[in-house]
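See below for the structure under consideration.
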């Protein structure tokens, strides 16, 4: 029997191993460099869509007071276990980036690794921006990135990835729709449970956004866009960018 689960719930058990190639140290250093460029000295940071806490933990080790929010309890469970093992103090909460409420304010909110692309239309993206704004201190920074159509069409569209490990296997299929600019990913997992493997499936959908659209929505929700860079650089994004990093400053209370 196949069990359909919410995105990242079963993915969590293998996520860190499947994403072992992701350079979170580089990501952490890049965020620090963005702070320096904008002459900003934050102390309290929220990692939105934090997943298993890889970036959250590294930022905590850089001296920041860290909180993490994610929609998938499976990912948060892994994050909490890692933090406990490392003796760190990080607050993790379950929440949807479109409507979370922590009753907290932060100097900075970060949302990395294409998480923003899970907002499936402009209204949803505006809701993310509003939810973040409610959690930012006046003049606080929102740092986030989006994957691009170029990245999806060249590296994922019509491609299938698979891997076998001792305790899990997966098949990862991707189809991109040029009509509505969405990438549909079907993930099939076979996860060991004692003497047998159990099959789970997840469906992930991500929306591509143009830079002008992101800027307009930031303007509409009370931000000033400070930069849109080719990822890990301080160069303006271009048509060959696979990922674009945005930095925006909160200017209004909405």
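The values are calculated or read from the model by the stated rules, or taken from the named source; none is laboratory data. Keep in mind that this is a model prediction, so the values were computed, not measured. So basically every Cβ, Gly included, is an ideal-geometry build from the backbone, and we count neighbours across all protein chains shown.
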query = Among the residues of the range 155-174, is any assigned to a strand (DSSP E or B) and closer than 27 Å to residue 127 by Cα?
reply = yes
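Restricting to the range 210-240, name every residue that is assigned to a helix (DSSP H, G or I) and out of contact with any strand residue (DSSP E or B) (no Cβ under 6 Å at 6 or more places or on another chain). Quick ask: steps written out before the conclusion?
Quick first cut of the range 210-240, residues assigned to a helix (DSSP H, G or I) only: 211-220.
Matches in the range 210-240: 212, 213, 214, 216, 217, 219, 220.
Every residue, every condition in (1) buried (at least 18 other Cβ atoms within 10 Å of the Cβ); (2) at pLDDT 95 or above; (3) part of a strand (DSSP E or B), yes or no:
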residue	(1), (2), (3)
52	yes, yes, no
56	yes, yes, no
60	yes, yes, no
68	yes, yes, yes
80	no, yes, no
83	yes, yes, no
104	no, yes, no
inquiry  = Going through 116, 152, 143 one at a time, which residue ends up being part of a strand (DSSP E or B) and modelled with pLDDT of 95 or more?
reply    = 143
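Which residue, of 246, 232, 209, is surrounded by fewer than 17 Cβ atoms within 10 Å (Cβ to Cβ) and touching a helix residue (DSSP H, G or I) at 6+ places or on another chain (Cβ under 7 Å)?
Numbers: 246 fails: surrounded by fewer than 17 Cβ atoms within 10 Å (Cβ to Cβ); 209 fails: surrounded by fewer than 17 Cβ atoms within 10 Å (Cβ to Cβ).
It is 232.
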remark   = Per the filter on the range 37-50, residues assigned to a loop (DSSP other than H, G, I, E, B), over 20 Å from residue 99 (Cα atoms) and touching a strand residue (DSSP E or B) at 6+ places or on another chain (Cβ under 9 Å) are 38, 40, 41, 42, 43
inquiry  = Whether any residue in the range 28-40 is in contact with a helix residue (DSSP H, G or I) (Cβ under 6 Å, 6 or more places away or on another chain), in contact (Cβ under 8 Å) with a residue 24 or more places away in the chain and closer than 23 Å to residue 250 by Cα is what I want to check.
reply    = yes
query = Quick one: how many residues across the range 85-102 are touching a strand residue (DSSP E or B) at 6+ places or on another chain (Cβ under 8 Å) and outside any loop (DSSP other than H, G, I, E, B)?
reply = 4
key: Residue count for the range 52-73, restricted to those that are at negative phi, without any contact (Cβ under 8 Å) to a residue 60 or more places away in the chain and within 12 Å of the chain's Cα centre (by Cα)   = 6
request  = Just name the residue that is farthest from the chain's Cα centre (by Cα) out of those in the range 185-196 that are assigned to a strand (DSSP E or B) and surrounded by fewer than 14 Cβ atoms within 10 Å (Cβ to Cβ).
outcome  = 196
task = Confirm whether residue 205 is assigned to a strand (DSSP E or B), in contact with a strand residue (DSSP E or B) (Cβ under 6 Å, 6 or more places away or on another chain) and closer than 18 Å to residue 119 by Cα.
result = yes
